[in-house]
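As structure tokens, the structure follows; a few thoughts come after it.
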Amino acid sequence: MIKPDWDDNPNKSEILYAANLLEVGEFQFLQLAYKAWFDEELPEKLINKIFRDYTIRNIIPNWARHYARTIAHLEKTNQLDAQDPKYHVYDVEFGKPTGSKGLEKFVWVSLGITTFFLFSFYLAIITVDEPTDLLPPYFEKKNIFPEEYKRKQNENKENKK
């Protein structure tokens, strides 16, 4: 979207603006609004209907508009803390440290790739007599240049006589 907090429908623009203030998606915003209005989680049987009405039919529930106006008012009066965990109860990744897991995965993947290449080089060294190249695929010179290999064998046989 060029303007992620704007829509043709002014009521939907309120929702988008408030969702952006909280740094959550529209669906999460609807979940938060439902919980604030009804004091319970959005029932699973209503999820599809409410979101379909919202996205396709542009039907915005009154409780969602009310919640959006509440969030906008909190922002206007400098009382909104967008990082408050109560606004991110549906964010799986919220509050989890990001740096250590990413670095740990990187180290393990790098170690695995390095081990794989070292193992393949070792196998190439013990299984291939004369490789044509240092990197895989390992073709032997006797398969690539058979006439040279036969010539060397003949020379070796003649030298032994």
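Observations
- Per-peptide packing, taken as the mean over residues of other Cβ atoms within 10 Å, places 59-71, 14-26 in the sequence 14-26, 59-71 from highest down.
- Pairs beyond 32 Å (Cα-Cα), from LYS45/LYS86; LYS49/LYS86; LYS12/LYS45; LYS35/LYS76; LYS35/LYS105: LYS35/LYS105
- Distance between the pseudo-spin-label points of THR77 and GLN153 (7 Å out from Cα toward the beta carbon): 9.3 nm.
- Put a dot 7 Å past the Cα of ASN143, heading toward its Cβ, do the same for GLU40, and the two dots end up 7.0 nm apart.
- For the range 10-87, the spread of Cα coordinates along the three principal axes comes to 35, 27, 18 Å, biggest extent given first.
- Once both labels are positioned 7 Å from their Cα atoms along Cα-to-Cβ, the gap between PHE116 and THR70 label points is 5.1 nm.
Computed from the coordinates by the stated procedures, all read-outs in this text should not be read as laboratory data. All values reported here derive from a predicted model rather than from experimental measurement. Cβ: placed from backbone, ideal geometry, glycine included. Neighbour counts: every protein chain shown.
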